[in-house]
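Notes follow once the structure below has been shown.
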Amino acid sequence: MSGDRPSCTCVMCRDYGDRDRLDNFQLRTIVHITQYGWSVVLVQPDEDGSGWAYTVGLWHSHGAPELAMFGGDVYETEEILNMLGRETAGGRAPADGERRDGVVRGQQAAFRNVEQDWSVGLFGGAVAFYRRPPPILQVVWPNGNGLFPWQPGTDLPFRHAQPWLWLHPRQHPVGAWTRRLSGRRSEWRL
């Protein structure tokens, strides 16, 4: 961990007095982070929409934002996030606004900062590990023509396949992604 960022607040770095009550998910996450430097959480598709995947541990191990990816096959996104995790471990952490070639099916990916208000509803495993939302970058993939969802020439189904988490939830179009936030309390805010 570098000295130019806040100290890590994760359950590995701080004793919150409940280590004996960590669940299997949290224990498995700790084992993965200890062995590899991060873990990837898969959220399977359900009746509300497509699944997604996100990392836990990049902030702890490398001082880099966690990564999240939506709208594709969760196992494919897991592979992409692991590849990006290895690049981060090697000193090439993605940054907000960056575009990187060859990330998704040989195409470019864009990286966007995730608004913190999405964290509890979509990244509960990361919030539980850090006891607050860590910095997160969304890995945004293009369509078959190399266009990102916000670019002219993309169709509506593609635009809605990935949430636009760089927008505050109140600015995001109502749909499957905003419904996932309803009824969720921001328990990390003390």
Selection within the range 42-69 - within 22 Å of residue 92 (Cβ to Cβ) and outside any helix (DSSP H, G or I): 53, 54, 55, 56, 57, 63, 64, 65, 66, 67, 68, 69
Taking only the range 91-115 into account, find how many residues are touching a helix residue (DSSP H, G or I) at 6+ places or on another chain (Cβ under 8 Å) and of a type in the set (Phe, Trp, Tyr). 0
State the number of residues belonging to the range 110-147 that are farther than 17 Å from residue 177 by Cα and touching a Lys or Arg at 6+ places or on another chain (Cβ under 6 Å). 1
Taking the condition of being in a helix (DSSP H, G or I), of a type in the set (Gly, Ala, Ser) and over 19 Å from the mean Cα position of the chain (by Cα), how many residues in the range 142-161 meet it? 0
Scanning for something touching a Gly at 6+ places or on another chain (Cβ under 6 Å) and under 30 Å from residue 19 (Cβ atoms), does the range 65-73 turn up at least one residue? no
How many residues, within the range 56-76, are over 24 Å from residue 158 (Cβ atoms) and either surrounded by fewer than 20 Cβ atoms within 10 Å (Cβ to Cβ) or not aromatic (Phe, Trp, Tyr) (or both)? 10
Here are some residues: 137, 165. Which one is buried (at least 22 other Cβ atoms within 10 Å of the Cβ), outside any loop (DSSP other than H, G, I, E, B) and at negative phi? 137
If a residue must be part of a strand (DSSP E or B), at pLDDT below 95 and aliphatic (A, V, I, L, M), how many such residues does the range 104-134 contain? 1
Going by the conditions given, is residue 148 surrounded by 14 or more Cβ atoms within 10 Å (Cβ to Cβ) and either touching a Gly at 6+ places or on another chain (Cβ under 8 Å) or farther than 25 Å from residue 14 by Cα (or both)? yes
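The values are calculated or read from the model by the stated rules, or taken from the named source; none is laboratory data. The shown structure was predicted, so the numbers you read here are calculated from the model rather than taken from an experiment. Backbone-built Cβ (ideal geometry, glycine too); neighbour counts: all protein chains shown.
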